[in-house]
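The values are calculated or read from the model by the stated rules, or taken from the named source; none is laboratory data. Small disclaimer: the values here were computed from a predicted structure and weren't measured. Ligands, DNA and RNA are excluded from the accessible area calculation, which covers all protein heavy atoms including side chains. Shrake-Rupley method; radii C 1.70, N 1.55, O 1.52, S 1.80 Å.
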Amino acid sequence: QIRTRYYPYVISKSTEEMIAYMKTNGVVAEAYAPFASGAGGLLKDPVIEKIGAKCGKNVGQVILRWLVQQGCIALPKSSNFKRAKGILEAFDFKLSEDDMNAIAALDKGFRTCPDPNEIP
């Protein structure tokens, strides 16, 4: 198991390659801070909101489902009991291939911490 920051606004080619390599070698990717620590407007993204409305889910549940369908473990954090309970409702639906691709297309290169490829 390897932990990496992975969420819809930071889907770099190197992260996708790393996750594919891990899958091939039986290693599970762990998506740390799957909601971008609440930064960058991710939790109010109109594309994800639209998908959520179609599925009867909130943005957080859609993001978690997107990660799970890629075979990632997600580590969401919430101090709100209602939201924490809602995390469990990310497992009772599936996103279509079109929905998965629409979310993947949201990459903005937005990071909440330094890019590890740029640290000397």
When a/c reaches 1.5 or more, the comparison of a/b and b/c decides; with that in mind, is region 48-98 rounded, prolate or oblate per its Cα gyration tensor? oblate
Give me the accessible area of residue 83, 1.4 Å probe, in Å² rounded to the nearest 10. 150 Å²
